[in-house]
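Undergrad: What follows is a structure written as structure tokens; I'll ask about it next.
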Amino acid sequence: MVFAEQPEFVREYARLHKRFLSLDDDFEKFKKVLVELPRGTGGKHWNVLHHSEQACIFKTRLACAYLRRSSLRVVYAYMPTEIRIEFLEIYFKGDKDREDQRRIKD
């Protein structure tokens, strides 16, 4: 599985990492889950935002040890033909209510 990140994602990740110090470990655990289940678990915390043959875009929760009961949101695109996951957006639910629809369309 190949992981890639959009430039906006890298900036958001760096900003959040300053606030939530456990983010690196939590994100590595999240990547391991994605290797096993790139399409998610099908549970209520894994939402499909877009589905096509080229890419499926998902929004899910990322458990952060620093936050305890709360979590971060991650939007990513899974390309099954390329066996690749591209991270599009990461945000804290307390800062932002919804994902950026413009970025998903791009």
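The values are calculated or read from the model by the stated rules, or taken from the named source; none is laboratory data. Everything quoted here is computed from the prediction, not taken from an experiment. Backbone-built Cβ (ideal geometry, glycine too); neighbour counts: all protein chains shown. We work out accessible area using only protein heavy atoms, side chains counted, and drop any ligands, DNA or RNA first. Shrake-Rupley method; radii C 1.70, N 1.55, O 1.52, S 1.80 Å.
Undergrad: Over all directions, the average projected area of the alpha-carbon convex hull for the chain comes to how many nm²?
TA: Averaged projected hull area, Cα only: 6.4 nm².
Undergrad: Let me ask something else. In what order, largest first, do 60, 41 sit by accessible area if the probe radius is 1.4 Å?
TA: So, going from the largest accessible area down, we get 41, 60.
Undergrad: Can I ask one more? With the crude spin-label approximation of a point 7 Å out along Cα→Cβ, what separation in nm comes out for residue 36 versus residue 18?
TA: According to this spin-label approximation, the distance is 3.5 nm.
Undergrad: Here's something else I'd like to know. Can you tell me the orientation of helix 7-19 relative to the chain, as the angle in degrees between its alpha-carbon axis and the longest Cα principal axis, to the nearest 10?
TA: For helix 7-19, the angle is close to 30 degrees.
Undergrad: Which number gives the lysine pairs in the chain that have C-alpha atoms under 18 Å apart and are eight or more places apart or on different chains?
TA: Lysine pairs satisfying the spacing and distance rule in the chain number 10.
Undergrad: May I ask you to rank 57, 83 by accessible area, largest first, using a 1.4 Å probe over the protein chains only?
TA: Per-residue accessible area, sorted high to low, gives 83, 57.
Undergrad: Could you pull the accessible area for residue 11 with a 1.4 Å probe, rounded to 10 Å²?
TA: 150 Å²
Undergrad: So how strong a dipole does the stretch 1-62 carry about its Cα centre when Lys and Arg Cβ are +1 and Asp and Glu Cβ are -1, to the nearest 20 debye?
TA: Values: 11 positive and 9 negative charges, 54 e Å.
That gives a dipole near 260 debye.
Undergrad: Using +1 at the C-beta of Lys and Arg and -1 at the C-beta of Asp and Glu, which of 56, 79, 2 has the Cα lying farthest in the positive direction of the dipole of the chain?
TA: 56
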